[in-house]
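First comes the structure, then the notes that go with it.
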Ligand code: AHG
Ligand code: MN
Ligand code: MN
């Protein structure tokens with residue numbers, strides 16, 4: 001009987017004890033978050049199965065969310081699970097979710113606490129119908145002192161202010177990956193005992209990699225430094241990089257980040273010109289910031305291309321941001337390409353005479 005294994009609950013308590021300044025409310029909140037993730041794992045794993053005689057899918061009302069995206073029933077279910085599991089315990093002063101236009105107010109029946117919870121209840125939900133990995137992303141912030149009824153401005157804190165961040169991935173196994181600001185640790189849900197169990201202590205992103213992930217169908221909307229980077233990857237051993245690259249695109253940020261934590265690589269949803277009102281696809285507060293904290297804590301880097309994601313000052317809770325993250329060496333290269341471009345120093349690449357369709361190209 002593996003009773004000496006480290007469950008997530010035990011890990012959090014021991015980690016808090018080691019910190020010298022344990023925060024019991026944070027321990028309780030993280031326990032509620034892990035319970036919510038188990039419930040969402042169960043909901044996703046049941047797929048289209050429903051008890052005999054019941055409708056094929058739960059009868060939840062879906063709508064077009066604040067992002068302008070059509071919700072799936074599981075987006076709504078996951079959102080309801082996060083709220084219902086985390087609102088009652090007295091640790092939270094408020095919540096922000098991808099699926100809610102305004103911050104969620106803790107009902108008056110429950111005590112208000114010191115933390116704010118910001119989350120994407122179901123990331124990659126376009127993958128649900130095709131049985132591909134999805135996940136939940138979460139970020140814990142402190143509620144400013146003396147505030148019991150937080151408003152928008154109280155949530156607008158930079159990623160550097162996060163107390164804890166992580167994600168759950170619902171793939172062949174369910175895992176929860178967590179950082180409390182000192183390393184990144186991965187826990188696999190053991191279905192026999194219903195507990196997340198420490199399986200990946202001290203996750204570290206390899207500094208260099210030859211694998212990239214980007215939605216190439218957006219290429220015509222990219223900025224030149226991003227085109228330069230991807231062109232060089234695609235040229236492989238015959239180009240300036242001198243080595244062949246591999247490409248992946250799962251369309252689920254949790255799955256991309258998880259792969260990068262395990263074997264390295266670069267993931268990006270860079271700035272594009274598709275819709276000038278949106279500087280990127282991914283949302284700063286509940287996608288980019290928690291993932292940037294995880295990636296940095298695992299030794300990787302996370303940038304907009306022109307600055308650290310964690311240092312962006314949020315102006316709106318659903319704000320979008322360009323995201324480039326993963327193996328440090330690759331992220332730094334792409335940041336350098338942005339700097340070259342902004343300084344006008346990569347002129348040869350921008351000139352048709354010298355690019356892939358160059359008049360001077362010999363091979
Ligand atoms: P969500 O399902 O929460 O709206 O997020 C989906 C995000 C992210 O997970 C993924 O990287 C990206 O959208 C995929 O975008 P494309 O559909 O443009 O590939
Ligand atoms: Mn998402
Ligand atoms: Mn989502």
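Taking the C-alpha atoms only, the angle from helix 224-235 to the longest principal axis of the chain is near 80 degrees. Here the spin labels are modelled as points 7 Å beyond Cα on the Cα-Cβ line, and at residue 306 and residue 190 they lie 5.0 nm apart. Translational diffusion of region 21-128 was estimated from the Stokes-Einstein equation, with Rh taken as the Kirkwood radius over Cα pairs; at 4 °C and 1.567 mPa s the coefficient is 87 µm²/s. Roughly what percent of Cα-Cα pairs across region 236-354 reach past 17 Å? Within region 236-354, distances greater than 17 Å cover 60 percent of Cα pairs.
With neighbour counts taken as other beta-carbon atoms within 10 Å, the residues 238, 139 rank, fewest first, as 238, 139. Pairwise Cα distances in the chain exceed 32 Å in 33 percent of cases. For region 53-180, the Kirkwood estimate of hydrodynamic radius, built from reciprocal distances between every pair of different alpha carbons, is 15.7 Å. If both residues of a DSSP beta bridge must be in region 26-158, then about 65% of such bridges are antiparallel. Computed on region 109-222, with alpha-carbon pairs under 8 angstrom and 6+ residues apart, the relative contact order is 16 percent.
Relative to the longest principal axis of the Cα atoms of the chain, the long axis of helix 24-46 makes an angle of roughly 70 degrees.
Placing pseudo-labels 7 Å out from each Cα toward the beta carbon at residue 126 and residue 277 gives an inter-label distance of 1.9 nm.
Estimated purely from DSSP H runs of n ≥ 4, each contributing -39500 (n - 2.57), the mean residue ellipticity at 222 nm for the chain is -9000 deg cm²/dmol once divided by its residues. For the chain, DSSP calls about 85 percent of its internal beta bridges antiparallel. Between the helical axis of 73-86 and the longest alpha-carbon principal axis of the chain there is an angle of about 50 degrees. For the chain, the relative contact order works out to 14 percent when only alpha carbon pairs closer than 8 Å and six or more residues apart are counted. When only Cα pairs below 8 angstrom with a gap of at least 6 residues are kept, region 1-150 shows a relative contact order of 17 percent. Under the simplified labelling scheme, the residue 345-residue 235 pair shows an inter-label distance of 1.8 nm, with each label point 7 Å from Cα along Cα→Cβ.
Largest GNM mean-square fluctuation across 162, 71, 34, computed for the chain with C-alpha springs under 10 Å, falls on 71.
Taken together, the values in this text are just the output of simple stated rules run on the coordinates, not laboratory data. What you see is a predicted model, and the numbers here were worked out from it, not measured in a lab. Using ideal geometry, Cβ is built from the backbone for each residue, glycine included, and neighbour counts are taken over all protein chains shown.
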